[in-house]
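Please treat every number below as a calculation from the coordinates, not as lab data. Note that the structure is predicted; figures quoted are calculated from it, not measured. A quick note on method: Cβ atoms are made from the backbone with ideal geometry, for glycine too, and the neighbour counts reach across all protein chains shown.
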Amino acid sequence: QQEYLAEAYRIAHYQGDNPYITTSALAERMNVSAPAVAAVVERLKRGGYVEHEPYRGMRLTPKGEREALLSIRRHRLAEAFLVKVMGFGWHEVHEEADAI
């Protein structure tokens, strides 16, 4: 779920003034089906991480935005660790950081 929150955060900030993210946009970015995203969005909604409005999409709540930023920060720290401590190249660490 954290991956979905982080990607939703990125999409929302890329869009600028429009905080609403469609399930199809999130599905495309996550490389999964729209029904799979809809199921995750429902769980995120129940957890208070997103609000969903029919025909507009979802948007992150303050709680969801905090969790998304924490997830992004953890990912970046893992990447930095892999490069600076473990000796990986920057081009190698994205997927490895996801696994940590």
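Okay, here's what the table says:
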{"item": "Calculated P(r) of the chain - Cα pairs past 21 Å, %", "result": "37 percent"}
{"item": "Highest-MSF residue in the chain out of Ala27, Ala38, Ala80 [GNM, Cα springs under 10 Å]", "result": "Ala80"}
{"item": "Residue order, fewest to most beta carbons within 10 Å, for Asp17, Asp98", "result": "Asp17, Asp98"}
